[in-house]
1. Of all residues in the stretch 13-34, which are acidic (Asp, Glu) and either touching a residue at least 12 places away in the same chain (Cβ under 8 Å) or more than 19 Å from GLN73 (Cβ to Cβ) (or both)?
2. With the requirement that a residue be over 13 Å from the mean Cα position of the chain (by Cα) and under 9 Å from TYR80 (Cα atoms), what does the stretch 1-17 give you?
3. Step by step: first the residues of the stretch 66-78, then only those that are loosely packed, with under 14 Cβ neighbours inside 10 Å and either modelled with pLDDT under 95 or not basic (Lys, Arg) (or both), then the one that is nearest to the chain's Cα centre (by Cα). Which residue is that?
4. Of all residues in the stretch 95-128, count the ones that are of a type outside the set (Val, Ile, Thr), part of a loop (DSSP other than H, G, I, E, B) and touching a residue at least 40 places away in the same chain (Cβ under 8 Å).
5. Go through (1) farther than 10 Å from ALA11 by Cβ; (2) free of Cβ contacts under 8 Å to residues at least 60 places away in the same chain; (3) of a type outside the set (Lys, Arg) for ALA81 and report which single condition fails.
6. Here are some residues: ALA40, ALA81, ALA60. Which one is more than 19 Å from SER2 (Cβ to Cβ), over 16 Å from the mean Cα position of the chain (by Cα) and either surrounded by fewer than 17 Cβ atoms within 10 Å (Cβ to Cβ) or modelled with pLDDT under 95 (or both)?
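The values are calculated or read from the model by the stated rules, or taken from the named source; none is laboratory data. The structure presented is a predicted model; accordingly, all values stated were derived computationally and were not measured. Backbone-built Cβ (ideal geometry, glycine too); neighbour counts: all protein chains shown.
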Amino acid sequence: MSTTWILVANARHARLFAHHGPNQGLELVTETVAEKSADAMMTPNGGRTPRRGDPPKHQAQGFAHRLARELYQGRSRGRYAHAILVAPPAFMGMLNSELDKPTASLVSKRVDKDYTKTGKGALSSHLEHCLCV
C-alpha cells in the first residue's frame, strides 16, 4: 500500500500527516510553526507594537517555501507516493507556486479549508472523500 502525505497548513502553522492505507488512520509526521517576524507596526504615537492578524505576505511566502521544500525532500527520498494539500485559498496559492513540477504532480487533491486546529479524528472525517479511511 502506498503512503499519502497530507499537509494541513495556514500561514502560521502546519501539520504533516502520513496515511498508510484503509483503516490505518493518520500518523503525525511533523508539526511546524512559522518563524515569528521581527517586523512591527508603528503606532500613531511613534511606538512599536507587534503585528496582529495575518503575518506579512513575505513571511507567509517564506513559510510556504519551507513547507514545499519539506514535501520535495519527502518525495525525493520516496517517503510518499501521493500528497493532499489542505490550506485556506490564499495560502494554497502560495504553496502551489512554491512546489516544483515533480512534487506538484504527486498532489492528488487540494482542499481549500483551514483545518489546522482540527483533531486527527475530525480531520479524517473531513478528508474521507480524499482517502480510503
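1. Keep residues of the stretch 13-34 that are acidic (Asp, Glu), which gives 27, 31.
Correct list: GLU31 only.
2. Going through the stretch 1-17, the residues over 13 Å from the mean Cα position of the chain (by Cα) turn out to be 1-4.
Residues satisfying the conditions are SER2, THR3, THR4.
3. GLN73
4. Of the residues in the stretch 95-128, the ones of a type outside the set (Val, Ile, Thr) are 95-102, 104-106, 108-110, 112-115, 117, 119-128.
Imposing the further condition that a residue be part of a loop (DSSP other than H, G, I, E, B) reduces the set to 99-100, 105-106, 112-115, 117, 119, 127-128.
Retained after the next criterion (residues that are touching a residue at least 40 places away in the same chain (Cβ under 8 Å)): 114-115, 127.
Within the stretch 95-128, residues that are of a type outside the set (Val, Ile, Thr), part of a loop (DSSP other than H, G, I, E, B) and touching a residue at least 40 places away in the same chain (Cβ under 8 Å) number 3.
5. The one condition ALA81 does not meet is (2).
6. Details: ALA81 fails: more than 19 Å from SER2 (Cβ to Cβ); ALA60 fails: over 16 Å from the mean Cα position of the chain (by Cα).
Just one listed residue meets the conditions, ALA40.
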